[in-house]
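Novice: After the structure tokens below, expect a handful of questions from me.
The values are calculated or read from the model by the stated rules, or taken from the named source; none is laboratory data. Quick caveat: nothing in here was measured; it's all calculated off a predicted structure. Don't worry about glycine lacking a Cβ; one is built from the backbone with ideal geometry, like all the others, and counts go over all protein chains shown.
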């Protein structure tokens with residue numbers, strides 16, 4: 001038995017139980033020792049069918065290899081993976097919050113209740129802030145009941161100007177209805193100042209009334225530059241502001257009238273002398 005295929009294959013053998021199949025183009029061959037074969041004519045893709053339902057493709061094209069389908073893996077962002085962490089992002093504790101806006105700062109202070117809140121004003125380019133940061137993180141870990149609010153001076157300059165922060169690193173302590181209880185600047189050399197304030201104001205206290213937060217003058221300053229809503233400023237402060245503005249306007253009119261009278265007197269004297 002011998003036959004030729006159009007794709008360049010030769011099939012030879014004495015019986016259906018012992019066949020030798022050769023590819024004339026690549027000189028490859030394999031032997032079929034058992035089973036019956038059935039040849040199917042095809043002008044584009046010659047195929048050899050074996051009766052056990054397995055099919056062998058003899059075309060010169062290489063079979064496409066498909067990658068296995070994998071179930072999607074739910075990714076989770078891990079801070080610090082893929083890029084180096086900046087120094088102010090390292091060793092942060094759960095009770096340390098990065099402030100993103102003046103409104104967030106006001107809300108955190110108002111909703112703090114009797115909890116001690118510490119504002120930490122820093123700058124990425126401040127060497128003293130960088131050196132002090134690890135110790136502040138350690139103190140935050142040792143005082144989980146306190147809230148540390150971190151304010152980036154470079155990103156919130158208008159807010160820092162309104163709060164009269166002109167030196168770094170700078171800290172402010174707030175407690176319940178007492179509002180701001182202390183404020184100071186310290187470095188690694190004067191860290192005792194921070195520890196003393198933490199020991200004094202970090203003990204559990206019960207204040208009467210809601211948390212005060214920022215001073216009214218500070219709220220007014222933030223509202224005047226559009227960083228918070230004017231509704232956040234107490235109505236009494238608005239009345240006082242109107243009184244101050246009215247008083248300043250009245251004083252300016254009085255001074256102007258006096259100047260006008262002086263000018264009139266000087267003119268009349270000059271006319272008399274003429």
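Novice: So, residue 186, is that one closer than 18 Å to residue 93 by Cα and either in the same structural domain as residue 101 (by TED's automatic domain parsing) or at pLDDT 95 or above (or both) or not?
Specialist: Spelling it out, it is not the case that residue 186 is closer than 18 Å to residue 93 by Cα and either in the same structural domain as residue 101 (by TED's automatic domain parsing) or at pLDDT 95 or above (or both).
Novice: Something else about it: So in segment 187-199, with the set limited to residues that are assigned to a loop (DSSP other than H, G, I, E, B) and loosely packed, with under 14 Cβ neighbours inside 10 Å, which one is nearest to the chain's Cα centre (by Cα)?
Specialist: Top of the filtered list is 188.
Novice: On the basis of being under 29 Å from the mean Cα position of the chain (by Cα) and at pLDDT below 95, does residue 178 make the cut?
Specialist: When the stated conditions are applied, residue 178 does not pass them.
Novice: Give me a count of the residues in segment 149-190 that are touching a helix residue (DSSP H, G or I) at 6+ places or on another chain (Cβ under 6 Å) and more than 27 Å from residue 101 (Cα to Cα).
Specialist: Residues meeting the conditions: 1.
Novice: Hey, does segment 139-152 have a residue that's more than 24 Å from the chain's Cα centre (by Cα), assigned to a loop (DSSP other than H, G, I, E, B) and either surrounded by 20 or more Cβ atoms within 10 Å (Cβ to Cβ) or not assigned by TED's automatic domain parsing to the domain that holds residue 121 (or both)?
Specialist: So far as segment 139-152 goes, no, none of its residues is more than 24 Å from the chain's Cα centre (by Cα), assigned to a loop (DSSP other than H, G, I, E, B) and either surrounded by 20 or more Cβ atoms within 10 Å (Cβ to Cβ) or not assigned by TED's automatic domain parsing to the domain that holds residue 121 (or both).
Novice: While we're on this one: How many residues does segment 200-225 contain that are over 32 Å from the mean Cα position of the chain (by Cα) and outside any loop (DSSP other than H, G, I, E, B)?
Specialist: 1
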